[in-house]
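Everything below concerns the one structure shown next.
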Amino acid sequence: MLEDCKTARERWGGVHRLIDRWLEQREGLLVVLNELEQSCDADLETITKERIDTFSETLMDYISAGHFEVYPQLREEARAFDDTAALNIADRLLERLEMSTELVLSFDEDYSTPVRCQRFLPRLPAWLERLKKGLSERFGLEDQLIARLHDEHAPAEGIS
């Protein structure tokens, strides 16, 4: 997944600074996810609530940036170009993104307090696996959203 993230960043890296920062956030999220997953494999009992909170905050920041910054900007670009087809595609993709958003919110709830964190710690490896699958689908949908708007509205190649 990390390699796919780098590929997306290379492809759309110069499109917009907002998207650049968001793709960097995505990469950072994957690094934190991989580190937490490796810690689970090494010794689950040593994982602290603070470590889970760091991951959860990174995850929530990424999801929030998409919902409140990037997606509205992409929709605004489509509106600016009067691209109703892109807006329709965006609506369908955003609807499908809701499933992974709900997954992230459920994870955050399960690990929201020290008591819940302790109770659900044995489930953390399975949770991380579910999140990886959900995020993988999410990133694919987000990439489609970016590609549709970028491919349709970007200047011709070779023009700065």
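General remarks:
- Residue by residue, the range 134-146 carries 3J(HN,Hα) couplings of x, 5, 4, 5, 4, 4, x, 5, 4, 5, 4, 4, 5 Hz when phi is fed to the Karplus relation 6.51 cos²θ - 1.76 cosθ + 1.60 (θ = phi - 60°); x denotes Gly or Pro.
- Per-q log10 I(q)/I(0), the range 4-137, q = 0.21 Å⁻¹ (Debye; single scatterer per alpha-carbon; no solvent): -1.29
- Rounded to the nearest 0.05, the FRET efficiency derived from the C-beta distance between ARG17 and GLU102 at R0 = 22 Å is 0.15.
- Rounded to whole numbers, the Karplus 3J(HN,Hα) couplings from phi for the range 85-100 are 5, 5, 5, 5, 5, 4, 4, 5, 5, 5, 4, 5, 5, 4, 4, 6 Hz, using 6.51 cos²θ - 1.76 cosθ + 1.60 with θ = phi - 60°, and x at Gly and Pro.
- Residue-wise HN-Hα couplings along the range 72-79, as the Karplus relation 6.51 cos²θ - 1.76 cosθ + 1.60 with θ = phi - 60° gives them from phi, are x, 5, 5, 5, 5, 4, 5, 5 Hz; Gly and Pro carry x.
Only the coordinates and a few stated rules stand behind these numbers; no lab work does. Here the structure is a predicted model, which is why all the values come from computation and not from measurement. All Cβ positions, glycine included, derive from the backbone under ideal geometry; neighbour counts span all protein chains shown.
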